[in-house]
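*Asks:* Here it is, the structure, as structure tokens.
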Amino acid sequence: MSSTKRRDDRRAAWWFLVPVLAGFAVFYGYPAIRGAWYSVTDYTMLGTPAFVGADNYDKLVHDSQFWRSLLVTVWYVVLNIGSQTVLALLVAALMHRLTRSVVLRATLLLPWLVPNVTVGLLWMWLLDTNLGFVNHLLTTLGIGPVGFLTDAALAMPSIAAINTWAYAGYTALLLYAGMLQIPQYLYEGASIDGAGEWRMFRSITLPLLRPVLALVLVVSLIGSFQIFDTIAVTTQGDPAGATRVLYYFIYQQAFSYFQMGYASAAAVFLALILGVLTAVQMRLLRASTSDLA
Amino acid sequence: MIRRTRAAAVLLSLAVLTGCSATADSGDKDNVTLDYWLWDDNQKASYQACADAFTAANPGIRIQITQSAWDQYWQNLTTQLASGDAPDVWTNQGSYYPQFVTSGQILDIEPFVTADKVDLTQYQAGLADLFTKDGKRYGLPKDWDTMALVYNVDHLAKQGIKPADLADLTWNPSDGGTFEKLIAKATVDANGKNGLDPAFDKTKVKVYGYLPEWADGSQGQNGWGNLAASNGFTYLDKNPWGTQYKYDDPALAATIDWYKSLIAKGYSPALDKNSTLSRDTLMGAGKGAISFAGSWTINTYLGDDAKAAFAFAPVPAGPQGRKTAINGLSDAIWAGTEHKDAAWKWVKFLGSADCQNIVGGNGVVFPAIQGAGEKALAAHKAKNRDVQVFVDEAKAADGTFFLPITEHGNEISQTVQDAIQSAVLGQTDSATALKKANDQVNALFK
């Protein structure tokens, strides 16, 4: 009796999934297959694409610009994930242990609600070397103007900081939700045993937060690899390619040079990287099991 | 690449207008709607006036104008061409149009031009030839632009510099000529000392004498290109449609080195301390005294919204004389249009004195037809704007050069711009960076 019931459920579940699957097939599946096909053609948007085998991939492997953009992207991901996760953890822990103010939680989300292009424009003006408010303050303090977005060494850290500003609040909220699932008695027990806040954070919060932390890391890693809008608005890959991330490279190949085939090959490459990274990360962090059980 | 203002990137608005062309397009020769695309929002009114005049003369043909901002314009156009539903006529520009020619998207209008005996000598010299290849013709010239120096009038007056001092500047890459002296004198530090004063503090510059443009592609239209040309640099073996670039020319490297010397002396902002904002914003904020400006920015600097009083002066004369980039736009007919004859009528009208006088009278750009150019000049004079220098430069014998028109334009643009930026940042020296970029560029044609 119970087994037939489960089968029925499954059939019903498929019906509920149909709208989503249809959308996925039309807007993700089909374009992905087409993109994979274009990556082995010389498609330029004009004229019919002709099959060129692995030519695009061969060119990609030997393209120093491509490798540089990959390196630049990894540098961004390290900076962004690092700062964003640490800041978010800190904020989440503070919210968890100190205050539960709804106003504060809502405020944290504000930067995340601002459209990315607006965020980019806002910070571009604030950080501008000659006219920006931040540099005005720095000059008043005698530190002199800093080329946040124009210095080759500073441009990427600045962009990572901008995106940290925009996303840390949202990430903190996800982590905070995870912390709420940790039973309160563990903290009570620990404090009776004389553990301090830092010790509780290390020995209770962090280990028990691992599944949520893993999910947040995977999601923000994928998001970070796809950094595009902030760069398109602020530096457009300058100075001298110091911020030309992989997505911007693909965008330029596709929509400035109209090398659709080549851009598709780079995009497939990026998808592969993300797939491998996600698999490795999920495995390393044993995301599907929890220590709470 | 900063060919026309692309600041208004948000102005996608008018796309709505394209939606309704299908109804009138029934193939009936007496009742045709042509789609016409352009990117410059400043010029839409002028061309709407042309379209109205055209429809009045040809009652069966309506013109539907669509304007979109520079970046979106080319992406939309390419997408539309790829999907086989492109505008009948569109505005064309040098760095983008070669790929449309190569892929057979533009109609050869030479047979029409011959049949209708269009007078090609009526245009500003050389413009008509830019849009030809192998005996085929891909457009008629509509306007042109040249470069000049733009300066902050009040700031220079305060430094004791008279407008006459800028009338005949000289320049060379070794000591910078009178141009560099002017720049030095116009540079002022926080203590009010100018760049010629021994007490000048280059770490505390308040107003830079010269604002360079480093996001200037492979052409340097807004700065280095003009000076390099006056130093004997030519971009490539033949223009248009050359296949061998010469960015490894020492005359170019010397020009870039001179720019670097300005930075070292504190007369120009270092690239890593440069602004990400546009030069006209900085000029308006009084952060720079002198810069290069194209004739398409006349209304930005002299218009009612300008933040300070500006004026124009001729570009400095280098070892090979005074050289300014001249560039022109054209109108192209889509090879796949169903209304070839109607489209030709419209293009012919756009290239005629009838339309270009209207455009000139609005005083936004200089039309390609010489008489219409005078109209633009008069329109500016009526508003008390002195823009004579752009016209004088265009007329000067051997005083202009055309920007390169070849395949791979955008890729070359990025490669050379990266090389120049890395040289200016001091990551490599100019000659090495340009040699490497030149090899990369020329490899594209193999």
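*Asks:* Look through B:Lys136, B:Lys117 and report the one residue that is in contact (Cβ under 8 Å) with a residue 12 or more places away in the chain and among the basic types (Lys, Arg). Steps first, answer last, please.
*Replies:* Numbers: B:Lys117 fails: in contact (Cβ under 8 Å) with a residue 12 or more places away in the chain.
Among B:Lys136, B:Lys117, only B:Lys136 is in contact (Cβ under 8 Å) with a residue 12 or more places away in the chain and among the basic types (Lys, Arg).
*Asks:* Residues B:Ala285, B:Ala264, B:Ala253, B:Ala270: which one is closer than 16 Å to B:Ala186 by Cβ and either assigned by TED's automatic domain parsing to the domain that holds B:Lys193 or surrounded by fewer than 24 Cβ atoms within 10 Å (Cβ to Cβ) (or both)? Please lay out each step first, then the result.
*Replies:* On the way: B:Ala264 fails: closer than 16 Å to B:Ala186 by Cβ; B:Ala253 fails: closer than 16 Å to B:Ala186 by Cβ; B:Ala270 fails: closer than 16 Å to B:Ala186 by Cβ.
Only one candidate qualifies: B:Ala285.
*Asks:* A further question on this structure: Within region B:90-107, does at least one residue satisfy the condition of being over 25 Å from B:Gly360 (Cβ atoms) and more than 14 Å from chain A (Cβ to nearest Cβ)?
*Replies:* For region B:90-107, residues over 25 Å from B:Gly360 (Cβ atoms) and more than 14 Å from chain A (Cβ to nearest Cβ): present.
*Asks:* Here's another thing I want to ask about it. Spot the failing condition for B:Gly426; the list is (1) open to solvent by 40 Å² or more (accessible area, probe 1.4 Å); (2) more than 10 Å from chain A (Cβ to nearest Cβ); (3) small (Gly, Ala, Ser), and only one is missed.
*Replies:* (2)
*Asks:* Could you please find all residues in region B:100-119 being assigned to a helix (DSSP H, G or I) and of a type in the set (A, V, I, L, M)? Don't jump to the end; show me each part of the working.
*Replies:* First, the residues of region B:100-119 that are assigned to a helix (DSSP H, G or I): B:100-102, B:110-115.
B:Val101, B:Val113, B:Ala115 - these are the residues of region B:100-119 that are assigned to a helix (DSSP H, G or I) and of a type in the set (A, V, I, L, M).
*Asks:* Among the residues of region B:253-310, count how many are closer than 19 Å to B:Ser430 by Cα and acidic (Asp, Glu).
*Replies:* Qualifying residue count, region B:253-310: 2.
*Asks:* Continuing with the same structure: Would you mention how many residues in region B:409-426 are among the charged types (D, E, K, R) and on the phi > 0 side of the Ramachandran plot?
*Replies:* Going residue by residue through region B:409-426, those that are among the charged types (D, E, K, R) are B:411, B:418.
Adding the requirement that they be on the phi > 0 side of the Ramachandran plot leaves none.
Here the count works out to 0.
*Asks:* A follow-up question, please. All but one of (1) at pLDDT 90 or above; (2) over 19 Å from B:Lys142 (Cβ atoms) hold for B:Gly294; which doesn't?
*Replies:* (2)
*Asks:* Right, A:Ala153: over 20 Å from the mean Cα position of the chain (by Cα) and open to solvent by 10 Å² or more (accessible area, probe 1.4 Å) or not?
*Replies:* yes
*Asks:* Is it fair to say B:Lys185 is open to solvent by 60 Å² or more (accessible area, probe 1.4 Å) and within 30 Å of B:Arg385 (Cα to Cα)?
*Replies:* On the way: open to solvent by 60 Å² or more (accessible area, probe 1.4 Å): yes; within 30 Å of B:Arg385 (Cα to Cα): yes.
Considered against the rule, which asks whether it is open to solvent by 60 Å² or more (accessible area, probe 1.4 Å) and within 30 Å of B:Arg385 (Cα to Cα), B:Lys185 comes out as yes.
*Asks:* If a residue has to be in a helix (DSSP H, G or I) and open to solvent by 60 Å² or more (accessible area, probe 1.4 Å) to count, how many in region A:167-188 make the cut?
*Replies:* First, pick out the residues of region A:167-188 that are in a helix (DSSP H, G or I): A:167-180, A:184-188.
Pick out the ones that are also open to solvent by 60 Å² or more (accessible area, probe 1.4 Å) and you get A:167, A:170, A:174, A:180, A:184-185, A:188.
Selection size over region A:167-188: 7.
*Asks:* Right, something else. Filter region A:122-139 for residues that are of a type in the set (Phe, Trp, Tyr) and closer than 16 Å to A:Asp151 by Cα; which is least open to solvent (accessible area, probe 1.4 Å)?
*Replies:* A:Trp123
*Asks:* If you don't mind, another one. Search region B:67-85 for residues being closer than 14 Å to B:Ser103 by Cα and in contact (Cβ under 8 Å) with a residue 40 or more places away in the chain, and hand back the single one that is surrounded by the fewest Cβ atoms within 10 Å (Cβ to Cβ).
*Replies:* Checked region B:67-85; the qualifying residue surrounded by the fewest Cβ atoms within 10 Å (Cβ to Cβ) is B:Gly84.
*Asks:* Turning to a different aspect of this structure: Inside region B:261-281, can you point out the residues that are within 8 Å of another protein chain (Cβ to nearest Cβ) and at pLDDT 90 or above? Spell out how you get there, then give the answer.
*Replies:* In the first step, residues of region B:261-281 are kept if they are within 8 Å of another protein chain (Cβ to nearest Cβ); the result is B:269-277, B:281.
Answer for region B:261-281, where residues must be within 8 Å of another protein chain (Cβ to nearest Cβ) and at pLDDT 90 or above: just B:Pro269.
*Asks:* Still on this structure, please answer the following. Mind counting the residues in region B:288-309 that are among the aromatic types (Phe, Trp, Tyr) and open to solvent by 20 Å² or more (accessible area, probe 1.4 Å)? It would help to see each step written out before you state the result.
*Replies:* Quick first cut of region B:288-309, residues among the aromatic types (Phe, Trp, Tyr) only: B:292, B:296, B:301.
Imposing the further condition that a residue be open to solvent by 20 Å² or more (accessible area, probe 1.4 Å) reduces the set to B:296.
Result for region B:288-309: 1.
*Asks:* Of all residues in region B:346-360, which are free of Cβ contacts under 8 Å to residues at least 40 places away in the same chain, more than 16 Å from B:Val113 (Cβ to Cβ) and surrounded by fewer than 21 Cβ atoms within 10 Å (Cβ to Cβ)?
*Replies:* Just the residues of region B:346-360 that are free of Cβ contacts under 8 Å to residues at least 40 places away in the same chain, to begin with: B:352, B:357, B:360.
With the extra rule that they be more than 16 Å from B:Val113 (Cβ to Cβ), the set shrinks to B:357, B:360.
Hit for region B:346-360 is B:Asn357, nothing else.
*Asks:* A further question on this structure: Could you tell me which of the residues B:Gln122, B:Gln64 is modelled with pLDDT of 90 or more, open to solvent by less than 40 Å² (accessible area, probe 1.4 Å) and over 25 Å from B:Ser278 (Cβ atoms)? Before you say what the answer is, go through the steps one by one.
*Replies:* Numbers: B:Gln122 fails: open to solvent by less than 40 Å² (accessible area, probe 1.4 Å).
From the options B:Gln122, B:Gln64, the qualifying one is B:Gln64.
*Asks:* Could you pull out the residue among A:Gly169, A:Gly142, A:Gly120, A:Gly147 that is within 14 Å of chain B (Cβ to nearest Cβ) and within 24 Å of the chain's Cα centre (by Cα)?
*Replies:* On the way: A:Gly169 fails: within 14 Å of chain B (Cβ to nearest Cβ); A:Gly142 fails: within 24 Å of the chain's Cα centre (by Cα); A:Gly147 fails: within 24 Å of the chain's Cα centre (by Cα).
Selected residue: A:Gly120, the only one of A:Gly169, A:Gly142, A:Gly120, A:Gly147 that is within 14 Å of chain B (Cβ to nearest Cβ) and within 24 Å of the chain's Cα centre (by Cα).
*Asks:* Hey, A:Ile162 hits all of (1) part of a helix (DSSP H, G or I); (2) surrounded by fewer than 22 Cβ atoms within 10 Å (Cβ to Cβ) but one; which does it fall short on?
*Replies:* All conditions pass for A:Ile162, except number (2).
The values are calculated or read from the model by the stated rules, or taken from the named source; none is laboratory data. Only a predicted model underlies this, so the values are computations on that prediction, with no experimental measurement involved. Every residue, glycine as well, gets a Cβ built from its backbone with ideal geometry; the counts of neighbours run over all protein chains shown. These accessible areas exclude ligands, DNA and RNA; they are computed on the full protein's heavy atoms, side chains included. Shrake-Rupley method; radii C 1.70, N 1.55, O 1.52, S 1.80 Å.
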